[in-house]
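Take a look at the structure below.
Just so it is clear, none of the values below were taken in a lab; they were calculated from the coordinates. Quick caveat, the model's predicted, so the values are computed rather than measured. As a convention, Cβ positions derive from the backbone with ideal geometry for all residues, glycine included, and neighbour counts pool all protein chains shown.
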Amino acid sequence: MIELLQVSKTYNAGRVNEFSAVREVDLLIEPGRATALRGPSGSGKTTLLGLIGGLTRPSSGRVRLDGRDISALPERFLTELRRATFGFVFQQFQLIRGLSVLENVMLPATPSGRPYREVRARALRLLDDLGLAGRAEVKTQWLSGGEAQRVAIARALINDPKVILADEPTAHLDSDLSRQILAILADLRAQGRTLIVSSHDPLVFEAGLVECVIDMRDGRICSAGASAGPVMERL
Amino acid sequence: MNNWIEKQRALIDFSVANLGRRRGRNLGLFLAYTLLVFLLASVVLYGDALRREARLLLADAPELVVQRLTAGRHDLAPEGWLEKLRGLRGVRSVEGRLWGYYFDPAVAANYTLLVPSEAPPAPGQMVIGAALARARGLAVGDVLSLRSFDGKPYAFTLVGVLDADSELVSADLMLVNGVDFRAFFGVEPGLFTDLVLRVANPSEVRKLAEKVLERLPGARVIAREEMRRSYEAAFNWRQGVLLTFLSTLMAAFALLAWDKASGLSAEERREIGILKAVGWETGDVLRMKLWEGALVSLCAFLAGYVLAWLHVFYADAPLFTAVLKGWSVLYPRFALTPQVDVAQIATLFFLTVLPFVAATVVPVWRAATLDPDEVMRE
């Protein structure tokens, strides 16, 4: 269970370029479900994903994971929690150029101290599952957009997280590739993982993947789908 | 413990892969680094080896040398002084020495003519240093004619060339008979260039020197320890001069290293952001960069030090001969004894490796403390 209580995020506070990306958001996301944050560019979807996943701390308010306040955790504990609990799929793939597909996928497990063979075996299995079995040694700059996105998904899964956060996962893909990626996300959802996707791509909402849609504008939630009942009550 | 080892192994694996990504940049840095360590280590190794060589040679030198002074200048000592010194308690032996300098206009070099106390050459014969033999192109059996004090030619037959092991002090040496020496320089019988004392108990050298001065008020007494210090000072000074010149190179390298190691590109900052976003702590990023810096600097240090070792002990340090051995027409050729000095290696290590690693880590630390959500917002 992920809860956000009166969460706000302001960048460059006190400066002339001060900017509020998220304002007083209350949100409750139930485990094992697929939730989508929808809204135009600049509506605060990405920042909200970052707040949920512990990539950044709220300027005010609380973020709770399974009842535990994670917004005030020291960096070390927050990082450990982020590594074990969340898998991130970024908008621009964010793969490291010059490294192989396999090395990129293994990256999140590097600081975990897990045995190399075990991590490598899991990475190869994930690549196999995602149709990238023969691409393990290829440098990431030579991948197509669809391949790069699947590598990013494999990387997000290497630590077997309970929650997958995907920021605009179809933004740089054509329709066919988008459908492929959405099918993969649907599989993850079917495995019982919590899926939180930010998008304004109609394909995402038409695919039947998302169970709850949260509309955002100007950093606020302006409407929420059926499963967002508790949010609505607070609103 | 296993967990820690696995983690370090994974970080090293990643660091190696990361170094391979920027091959050109890291290779350039490695080469510049190796060159710096090579130059510094060459100077230090060579200077230390010379000092050690001088110490070994002086170990057999007499404890005290007594010279006569006239008007503050070195003068020939009368034979009578030998008797005066033999009576001193604690003196094991006293000898008069005959030696002097000769300028050879043919090669514009100064020679040292010496009458050895043991087994001097027969009259008319001469044994010379190896460097001198090279400079004059002489071999055993040749006749060397020099101009004596009164301008007349004086011929010596060469009967031997001194062993190269002692070349540091014998490069310009000519060993002759006492009769020839006196005739060549016009030194009257009963006079010596100076006197040498060997002492029974080395701890009494200072006391004995005082006693010598009491008996011979017009004399100058030079202790072996003072000669050793003079050599040390000379080599230290030369090494210091060279290191001063090299300091400009070090400064240039520091700038290069700082620029190469610390100048984080936008790409590198983005990558640090990705690592943090996927679950790396600031400490993990720093450890990875530390490994990277350590791998480059340790390899370069090792390569530079080994090259310097070969340069000094196997190639006779052609880059620094002129400065460290001294400016001379007759360069001694001698094999320095290789020796490992842990303190010397540690000093070089701390002077070169630590600043580089610090230059690598500081800017990374700055970048790694940023919020990872910057990656999300790109």
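Taking the 0 to 90 degree range and rounding to the nearest ten, how far is the long axis of helix B:282-313 tilted relative to the main principal axis of chain B, both from C-alpha atoms? The answer is roughly 20 degrees. Coupling constants for segment B:237-243 follow from the phi torsions by the Karplus curve (6.51 cos²θ - 1.76 cosθ + 1.60, θ = phi - 60°), and in residue order they are 4, 5, 5, x, 4, 5, 5 Hz; glycine and proline get x. Taking A:27, A:127, A:203 as the candidate residues, the one with maximal mean-square fluctuation in a Gaussian network model of chain A, Cα springs under 10 Å, is A:203. Distance from the C-alpha centroid of segment B:100-146 to that of segment B:198-215: 34 Å, rounded to the whole angstrom.
Projecting the Cα atoms of B:137, B:369, A:156 onto the charge dipole of the protein assembly as shown, computed from C-beta unit charges around the Cα centre, puts B:369 farthest toward the positive end.
Remark: segment B:119-249 projects, on average over all directions, an area of 12.9 nm² (convex hull of Cα atoms).
Label-to-label distance, residue A:121 versus residue A:187, with points set 7 angstrom from Cα along the beta-carbon direction: 2.0 nm. Of the residues B:62, B:272, A:146, the one whose Cα sits farthest toward the positive end of the charge dipole of the protein assembly as shown, with +1 on the Cβ of Lys and Arg and -1 on the Cβ of Asp and Glu, is B:62. In a reduced charge model with +1 at each Lys and Arg Cβ and -1 at each Asp and Glu Cβ, segment A:2-234 shows a dipole moment near 640 debye about its Cα centre.
Counting neighbouring Cβ atoms within 10 Å and putting the fewest first, the residues A:172, B:74, B:311 line up as B:74, A:172, B:311. Round to a whole angstrom and tell me the spacing of the C-alpha centers of segment B:343-357 and segment A:196-221. About 57 Å separates the Cα centre of segment B:343-357 from the one of segment A:196-221. Among B:319, A:28, a tally of other beta-carbon atoms within 10 Å of each Cβ gives an order, fewest to most, of B:319, A:28.
Evaluated with a Cβ-only charge set (Lys, Arg +1; Asp, Glu -1), chain B carries a dipole of roughly 360 debye about its Cα centre, given to the nearest 20. Using a Debye calculation, one point per C-alpha and no hydration shell, please list log10 I(q)/I(0) for chain A at q = 0.09, 0.13, 0.16 Å⁻¹ in order. Listed by q, the Debye log ratios stand at -0.37, -0.78, -1.15. Think of segment A:39-80 as having a plus end and a minus end, set by charges on the Cβ of Lys, Arg, Asp and Glu; of A:78, A:40, A:63, A:40 sits farthest toward the positive end of this dipole.
The convex hull around the C-alpha trace of segment B:3-46, projected and averaged over every direction, spans 4.2 square nanometres. Here segment B:1-98 is treated as a sphere whose radius is the Kirkwood value from Cα pairs; by Stokes-Einstein at 10 °C and 1.306 mPa s it diffuses with a coefficient of 77 µm²/s. Counting only Cβ charges, +1 for Lys and Arg and -1 for Asp and Glu, the dipole size of the protein assembly as shown around its Cα centre is about 600 debye. Calculated on C-alpha atoms, the gyration radius of segment B:100-189 divided by its Kirkwood radius gives an Rg/Rh of 0.93.
Pairs spanning more than 18 Å between alpha-carbon atoms, out of A:139/B:276; B:84/B:211; B:84/B:207; A:139/B:7; A:9/A:162: A:139/B:276; A:139/B:7; A:9/A:162.
Normalising by residue count, chain B has a Cα convex hull of 200 Å³ per residue.
Over the protein assembly as shown, the hull volume per residue, using the convex hull of the C-alpha atoms, is 236 Å³. Cβ crowding within 10 Å, taken as a proxy for footprinting-reagent exposure, orders B:170, A:223, A:178 from fewest neighbours to most as A:223, A:178, B:170.
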